[in-house]
Every structure is written in structure tokens, then in C-alpha cells.
1. Could you grab me the full set of residues in segment 271-286 that are at pLDDT 90 or above and surrounded by fewer than 18 Cβ atoms within 10 Å (Cβ to Cβ)?
2. Out of the residues in segment 1-22 meeting the condition of being over 19 Å from Leu436 (Cβ atoms) and outside any helix (DSSP H, G or I), tell me which one is modelled with the highest pLDDT.
3. Name the pairs whose Cβ atoms lie under 7 Å apart, with the first residue in segment 34-45 and open to solvent by 60 Å² or more (accessible area, probe 1.4 Å), the second β-branched (Val, Ile, Thr) and at pLDDT below 95, and 6 or more positions between them or separate chains?
4. Take the residues of segment 375-401 that are part of a loop (DSSP other than H, G, I, E, B) and open to solvent by less than 20 Å² (accessible area, probe 1.4 Å): which is modelled with the highest pLDDT?
5. Among the residues of segment 295-310, is there at least one that is open to solvent by 60 Å² or more (accessible area, probe 1.4 Å) and either without any contact (Cβ under 8 Å) to a residue 40 or more places away in the chain or under 23 Å from Tyr423 (Cβ atoms) (or both)?
6. For segment 311-330, give me each residue that is farther than 18 Å from Glu254 by Cα and surrounded by 16 or more Cβ atoms within 10 Å (Cβ to Cβ).
7. Please name all residue pairs, on different chains or six or more residues apart, with Cβ atoms under 8 Å, provided the first residue is in segment 244-262 and is buried (at least 16 other Cβ atoms within 10 Å of the Cβ) and the second residue is among the aromatic types (Phe, Trp, Tyr) and part of a loop (DSSP other than H, G, I, E, B).
8. Return the residues of segment 331-362 that are open to solvent by less than 30 Å² (accessible area, probe 1.4 Å), over 17 Å from Ser237 (Cα atoms) and assigned to a helix (DSSP H, G or I); say none if nothing qualifies.
Amino acid sequence: MSRENAIIHATSYFDDGGLQHDLGAWVAFETESQNPEKSAELSRYLSQAIEPRLKALGFECTIHDNPDPAGGPLLVGTRIEDPALTTVLTYGHGDVTWGQGAEWSDGLSPFVLTADGDRLYGRGAADNKVQHLINIAALESVLAVRGSLGFNIKIILEMSEEVGSPGLADFITVHKDELAADVLIASDGPRLQPHHPTLFMGARGGISFELRVDLREGSHHSGNWGGLLADPAMLLSHALASICDARGQIQIPEWRPNSLTESVREILAELPTIENSDPQVDEDWGEEGLTPAERNYGWNSFAVLAMKSGFPDALVNAISGSARATCQLRFVVGTDPEAILPALRRHLVEHGFHQVDVVPVERGFFPATRLDPTHPWVSFVKDSLTQTSGHPPHVLPNLAGSLPNDCFADILDLPTVWIPHSYLGCRQHAPNEHVLKPVCRSAITVMAGLFWDIGAKRNTGRS
């Protein structure tokens, strides 16, 4: 009975093909939460893939309806060995984005796990099925070797993360006592480098909205009316250009965060430079004077996700009556989320764009969160991963993307530590999504070591 044996057990699960086999079975569930026709798959994934696996580990499981009709079901599992022991809460999501099967490369299909060299292709292979599979398998390895975990474990698995986690906050609020724990340890997102474990302690927030210019009904002939009618696409383009300058630097004062402190910069300075990425980082884009890491993890970014005016796929010589753009601000702690849209409206009026309307997008908001990187739980996890992998993990103050981490940090008041098991080039949300076999093998070893260490520590309360 030893830490090394637990890691060997976890490694054997990977080397003997167990992880690939089980991931293939889970990828086969077409759990597209954006597709109403697949709603039955969401429940089936929980009842047929997750619940039997957890019950075999001694979990008591309940599948709940989502309090929000727009959201899918949720599973809560608990395994309590002794109420006096540390309780770990973990999280995952079994839903995926649209399969986009017609866009995948020849020989690949989104819901058939396909191995090609070091890559395992499939929708959800990286986001997020392999990630919660690795954590469950690591728990199994500790139990197989020790006979007990040495701590209590709770899991919440949702089926609506890819549509903004509707109902999750309300559900957690209602079930706050049932989900009470000492720490959240969960996995989502990418490692900074494939061969090197990563920690992050929160996430950038995200808010989506539309900018609309509606001037008149219908379109009008560009020859007869050109020069006489205001062009909504031009007005919208100028409005968008006022938000950022030519290199993407944000021009709205309220959108510029105050939290890129020297201590945060010191942490980010320890991260490796992003080299040979696909696509390549544009060094002359974004806030001047900041490193790529500071721009990605410590600053806000504005993006235009889509634009439309007229009929691009059936072009006619006409001035459109309207134009719209779907936009997004990714923001870090230190940005007042309540001030984001009012500041935008004020900015547009001050710059003469009174014809541009700001329309919030339903379910288009995630708050920003960040745990102090010097927190004892961060140090504990960092030491454990260092012992297993042989080198310290990369530590990020927060993920560049967005997660429902506020549900755990704010509602449950937990320290939150995320250990991602994918990599930056995994193509999540796009055709040819995949996970790397070496990352999976590394991830399951560090998680087995971490869960062993938590049980060995036998904490009784918050670290």
C-alpha cells in the first residue's frame, strides 16, 4: 500500500487501453446541449455512463431535473467516509458543443473516438469527458490500493455548461448544504504546455451582447439611394472601431482592469513564452506594454464574434436597413461587471453613435473569479503535482476562458483549484477536437498522486 502503487495502478489503466476504451464509450453519447433533439442523450449519459461508475465506487447518486427549463439534468454523488475528514468537491460537464460532423477531416466522426498517433479524436474527448473520466479513474486507483480514500468526495456533473450553465447557480444555492466541502478540485480547459501540468484558481468572466443599428425597413437600391441613405453597416463599423484602437487596445476606461498588480505580474512572468502555437500569437495585438501572458490572463479582451448586414450569401446592389454585431468582453477580477454595459452605452453616446443599440445576450454572462495563488490549498496541490511529475506546475491566477467557477467560489465559498487535462491545440468547440495520449497518461498519474496525498494528510477542515 503506497503512493507509488496507486500511481502505477492509474498508469496501467491507461497503458492497458482502459481509458481509451471507456472514453470511446462516453464520446458515443451525442450529448449536444445546444441541440433540442439530443435532450434525451443528456439524461442517458448521466444514468448509463456516470451513475453506474460512481455507484461502483461507493457513491450515493441522485439525478436532478434542472431548475431552469433551458438547462439539462444534473447528477450529485457523495461518498462520505468520515464527516471529520476533509471533503473534496469535484465537477465536470458531460455536454458538448455541436458535433459539426460534415466539417471533420476524412476518416473522423465526432461521436466515434478515433486514434491517430498520439491523438484521440472525438467531440468531448478534450472538453470535458476525458477530464472527469481521468479524475474518476484516479479515485478508483487510490481506492484499489488503499481500500479507502482517506477523505470524503462529492461530485456535481452538469449537462448544460456549453450553453452557459443555466440553472447551475440556482441548483447549488438550493443544495448548498448537500454540496458543502472544504475545497473544489476539478478539471477543465487546457494545460499551458502539453508536457507540463498546469494549475489555475479561477477564470476570466465573460459578457456577450449585440450592437444593433436599425434604421429602416428593408433594403434600397444602392444606385438610386446611395449617398442619400445612412448606411447602418458603416455606422456600426465606426462604433465598433471606437471601442478599441487599431491594435485592439480597449478605449473604454471602465473596461480596463485595476487588478494586474506586481504580485500577479510576478506569477505570470514565471510562465513560459507561447512559442510555435497554432495559430501564432500576434505580438502587435492587444494592450501595448503587456506580455502575451499578461494580456491573456491578467487583462480584458474585446472581440467581435459575428457581424451581419444585408445578405452576404445572396448579394444584391442595395443599402441594408440594419446591421448587427455579436460581441463579447472577457474580463478579469478588478472589472465591475455591473458597469460594463452602462459604460458601453455612455461611450457610444459620447462618440455620437446614438443610433447604436446595446442588447444583452440571454445567458451570455460569467462572473470573474480568482483565488490568491498563495492560498494553502494551492501550495498543497502544487507540491503534490511537483512530486509526481518531477517539476513544478505552471500556476495561472485564472483561466483565460470562462467557467462557472463563481458557483463554487462565491455561492459555496470554497477555495477553487483547477487542474486541466487538455492542451491549447485540442480544437475544442471546433471540428477535429482531440486529446493527446501523453497528456492523458501524465494527468492520471498526477491526479492519483494528489488524491493519495489528500487522504494521507487526513485534514479535518479547511486547509
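1. Scanning segment 271-286 gives Asp282, Asp284, Trp285.
2. It comes out as Ser2.
3. From residues that are open to solvent by 60 Å² or more (accessible area, probe 1.4 Å), the pairs are Gln34/Val163.
4. Checked segment 375-401; the qualifying residue modelled with the highest pLDDT is Pro393.
5. yes
6. Narrowing segment 311-330 to residues farther than 18 Å from Glu254 by Cα: 311-326.
Ala318, Ile319, Ser320, Gly321, Ser322, Ala323, Arg324, Ala325, Thr326, listed by residue number.
7. So the pair list comes out as Gly248/Trp285; Pro257/Trp299; Leu260/Trp299.
8. Matches in segment 331-362: Ala339, Ile340, Leu341, Ala343.
The values are calculated or read from the model by the stated rules, or taken from the named source; none is laboratory data. The structure presented is a predicted model; accordingly, all values stated were derived computationally and were not measured. Ideal geometry is used to build each Cβ from the backbone, glycine not excepted, and the neighbour counts take in all protein chains shown. Accessible surface areas use protein heavy atoms only, side chains included; no ligands, DNA or RNA. Shrake-Rupley method; radii C 1.70, N 1.55, O 1.52, S 1.80 Å.
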